[in-house]
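Written below as structure tokens is the structure these notes are about.
Please treat every number below as a calculation from the coordinates, not as lab data. Here the structure is a predicted model, which is why all the values come from computation and not from measurement. Backbone-built Cβ (ideal geometry, glycine too); neighbour counts: all protein chains shown.
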Amino acid sequence: MRVKARWSHDAPRYAICLVVVALVAEICRRLAHVNPTTVILTYILMVLWVAAYWGFRFSVFLAVIAALAFDFYFLPPIGSFAIADPQNWIALLAFLVTAGIAGQLADRARRQTADAVQRRRDVERLYAFSQRLLATDNVAELLNAIPAYVRDGFGAKSAAIYLLSSRQAYRTEPNASWFPLQELQMVSSRGEPVIDSQRGVSLTPLHLGTRTTGAVAVAGAPLSRATLEALGSMIGIAIERAGAMEKLSQAEAARQSETLRSVLLDSVTHELRTPLTGIKAAVTGLLSDYNLDEAQRKELLTVINEETDRLDRLVGEATEMAQLDAHKVELHMAPTEIATVIESAVEESRTILGQHPVDVQVAPSLPRVRVDADRIAEVLKQLLENAAKYSSAASPITITAERKGDRVVISVSDQGPGIDDFEQSLIFDKFYRGRDQRYSVQGTGMGLAIAKAIVEAHNGAIGVTSQLGHGSVFSFELPAA
């Protein structure tokens, strides 16, 4: 069947060679001033062209029929294959030898060019494949994606990989029968590539240095042995790299979790101890044998009440932070005038603001924003509380609202000490507090993290611009309704 198919593919080319030789002979016969040397050179050029584009066997065939045509039409006696002059035997032999050598050289150049082009394509495919292997650091995701990467990257019909560590195969089609499991296991065990040209299947082990970690199989893509080995090494390294990155990520996550736990304990311990100390002192005073007058008793009860409220606020912040992290907070969205939200937040923050004058500058004709008004007011109150805490007494605080494209930007600026560049990237993290104020100013480090989570839940963004010694500007933007 293969011989028959090859003949049906080659027959038209042999026919073309016959037709072209006859056509050249007929044209040269009809031209008055064409000498035999011109005919010979023409046939040699044809031999070179055929060898360069179709191969050596076609060039040999063309050289033989060209020699016969030259003998029949141009060597005496004309019209006969007999050769009268012995020198013409030498000429024909020289033509055949020259045509054969030239055809062989041209065919070699053709094959070398084809090999170079194929190697270039393989290198390009391997490079593109390596880029896709680096797209993920998740081992499970990578293992499931690699067969599809191989199939798409190398134009294969099907692909599969097998891992010795898990004794599991991953295929482009789960029910494909191209690669029996035993075949993949055999290649993994032997550590040698297998190329089955009859089935169009190639298998090669996955190498990590001198260690074999599995096998990769490709169907319907004729790959060279070098390309197969490179493919096996790249996949082996990529899987090992993804595993190492995953372990590193897990170790880093554990380290960060431990750090966060320490920071949380430190923050919560400090913040809870302060009101508890006040409550304990007040209760001790009330239970003492000292005769307290009504004013003293009222003062101690006021301390208990205030510190209890403070504890309640701390627990509320922690609960809210957990709900926001779990995306379990329900937002009641409605088109709202941002000026109304700002006015409400300022009014509710009067006690915290104390003697700080607040300047509100709202641009005219601002579009409404679709928000949960209570939550956005909470963000503003947090920013106002921060401005009041970290600014000197009676320094002004400015609130502005303006439109930028399809967004409304609200800013709160103060004249505090400012924040350095390093801390600007950290202050919205949970439990983070400024290095210089973490013990001089009360707080849990959850306020700005809560504000950030609320703004992002509204498809907005929050940030800070600050300069040491010149204050800070906290801004958040919300999409217009």
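For the reader, a short list of remarks on this structure follows.
- Helix 225-287 and the longest principal axis of the C-alpha atoms of the chain enclose an angle of approximately 0°.
- For the chain, leaving out every one of the chymotrypsin sites (Phe, Trp or Tyr not before Pro) that falls in a DSSP loop and has at most 11 other Cβ atoms within 10 Å, the longest unbroken run is 82-289.
- Which label in (i) 1.01; (ii) 1.85; (iii) 1.07 gives the computed Cα Rg over 2.2 N^0.38 Å: (ii)
- In plain terms, the chain from N144 to A84 could stretch by 14.0 nm, reckoned as 0.36 nm per residue minus the Cα-Cα distance.
- C-alpha long axis of helix 447-457 to longest principal axis of the chain, angle in °: 50
- Among the trypsin sites (Lys or Arg not before Pro) found in the range 152-212, those both in a DSSP coil and sparsely packed, with 15 or fewer other Cβ atoms within 10 Å of their Cβ, are K157, R167, R199.
- Acute angle (nearest 10 degrees) that the helix 181-190 long axis makes with the longest principal axis of the chain, alpha-carbon atoms: 80
- Between K298 and Q182, the contour length at 0.36 nm per residue exceeds the Cα-Cα span by 33.2 nm.
- Length-normalised contact order of the chain in % [C-alpha pairs under 8 Å, at least 6 apart]: 8
- A helix-only calculation puts the chain at -20500 deg cm²/dmol for mean residue ellipticity at 222 nm, using -39500 (n - 2.57) for each DSSP H run of at least four residues, averaged over all residues.
- Summarising the amide proton neighbourhood of L206: residues at separation of 5 or more, or on other chains, whose placed amide H is nearer than 5 Å comprise T213, G214, A215, V216.
- Label point at L248 placed 7 Å out along Cα→Cβ; residues across the range 113-138 whose backbone nitrogen lies under 15 Å: 134-138
- Centroid-to-centroid separation of the range 153-210 and the range 351-394 [C-alpha atoms, Å]: 64
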